[in-house]
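Engineer: Quick one: the structure is below, and I'll ask about it shortly.
The values are calculated or read from the model by the stated rules, or taken from the named source; none is laboratory data. Every value quoted in this text rests on a predicted model; they were computed, and no experiment measured them.
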Amino acid sequence: MGKLIFTNFDKLGFIEGLWIIGATSDGSDLFFAASAPTSSVKGVQVIDDSISLNVYQGSASVPYTESIIIPAYALTIYDFLEDTITDISSSLYRYCNTVPITFSNGSANIDFAAQMKLMLALKPKSRRTVIDLKTKR
């Protein structure tokens, strides 16, 4: 199975406990995740300053082992909550590649700090609690 390895991974923005996944938008139909979407494995473990995601192709999560060049701004990684796995709009942080990425036999290495750009940063939705300060007399 192919691996997408990010070195110099900047955790800025990503919240502990969220999943980090990704996809391509150039028609290659690649999907990146710590495990197949049906697995119970949660999140991506950050080791030192790197993360590793498995590379799949298609909605059936077939392990990807081919070679391809993904153009700039066609590879995206983002975070999401477990209960919003299919809703990219719930992503708080989204990054895109700024240079073409070459996959050889399904694998590629990306220098996160040098080759990825923050494209979207949303503030987490906070829950408001309304307290009635009026007292009955």
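Engineer: Only one of (1) modelled with pLDDT of 95 or more; (2) in a strand (DSSP E or B); (3) not polar (S, T, N, Q) fails for TYR73. Which number is that?
Structural biologist: Failing condition for TYR73: (2).
Engineer: Pull up region 60-70, narrow it to residues that are assigned to a loop (DSSP other than H, G, I, E, B) and either of a type in the set (A, V, I, L, M, F, W, C) or under 16 Å from the mean Cα position of the chain (by Cα) (or both), then point me to the one that is modelled with the lowest pLDDT.
Structural biologist: To start, the set of residues in region 60-70 that are assigned to a loop (DSSP other than H, G, I, E, B) comprises 60-61, 64-67.
Right, trim to either of a type in the set (A, V, I, L, M, F, W, C) or under 16 Å from the mean Cα position of the chain (by Cα) (or both) and you get 60-61.
Working: ALA60: 64, SER61: 74.
My answer is ALA60.
Engineer: Could I ask something else about it? Within region 8-49, take every residue that is modelled with pLDDT under 90 and of a type in the set (S, T, N, Q) and give me the one that is nearest to LYS117 (Cα to Cα).
Structural biologist: Looking at residues that are modelled with pLDDT under 90 and of a type in the set (S, T, N, Q), I get ASN8.
Engineer: Here are some conditions: (1) part of a loop (DSSP other than H, G, I, E, B); (2) among the polar types (S, T, N, Q); (3) modelled with pLDDT of 80 or more. SER52 meets all but one. Which one does it not meet?
Structural biologist: (1)
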